[in-house]
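Since every read-out is calculated from the coordinates, none of them should be taken as a lab result. Just so we're clear, the structure is a prediction, and the values are computed from it rather than from any experiment. Neighbour counts run over all protein chains shown; Cβ positions are idealised from the backbone, glycine included.
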């Protein structure tokens with residue numbers, strides 16, 4: 001009886017280990033973002049969601065990965081914006097194309113680690 005109980009517990013632990021990470025990575029709801037845009041950092045286009053602030057994190061809609069914009073070089077209509085975050089996070093920077101249907105250009109991103117609750 002003890003062997004059956006130990007085997008059942010081991011199977012349950014294995015299931016929890018494999019199900020845990022999948023359950024933890026929930027796809028973001030596009031409706032929860034002010035802006036939806038397409039970025040391309042060299043590996044193909046990716047849809048992201050972001051907030052109203054220029055420095056709001058970008059969240060990949062397919063997997064929930066988060067990035068912080070640290071530099072913007074975009075045009076919207078006849079206006080252009082060149083902004084640099086005065087207090088950027090440390091980390092590897094990646095320059096990506098940016099297009100939200102109104103503004104186009106480039107944005108420089110730093111990958112955020114850990115859960116983001118924005």
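The number of residues in segment 36-46 being in a loop (DSSP other than H, G, I, E, B) and either touching a helix residue (DSSP H, G or I) at 6+ places or on another chain (Cβ under 8 Å) or more than 14 Å from residue 107 (Cα to Cα) (or both) comes to 2. Apart from one condition, residue 49 fits all of (1) farther than 21 Å from residue 26 by Cα; (2) not in a loop (DSSP other than H, G, I, E, B); the exception is (1). Is it true that residue 49 is touching a residue at least 12 places away in the same chain (Cβ under 8 Å) and under 12 Å from the mean Cα position of the chain (by Cα)? It is true that residue 49 is touching a residue at least 12 places away in the same chain (Cβ under 8 Å) and under 12 Å from the mean Cα position of the chain (by Cα). Within segment 75-88, the residues that satisfy the criterion of being in a loop (DSSP other than H, G, I, E, B) and closer than 15 Å to residue 53 by Cβ are 85, 86, 87, 88. All conditions but one from (1) within 27 Å of residue 29 (Cα to Cα); (2) assigned to a strand (DSSP E or B); (3) out of contact with any helix residue (DSSP H, G or I) (no Cβ under 8 Å at 6 or more places or on another chain) apply to residue 56; the one that does not is (2).
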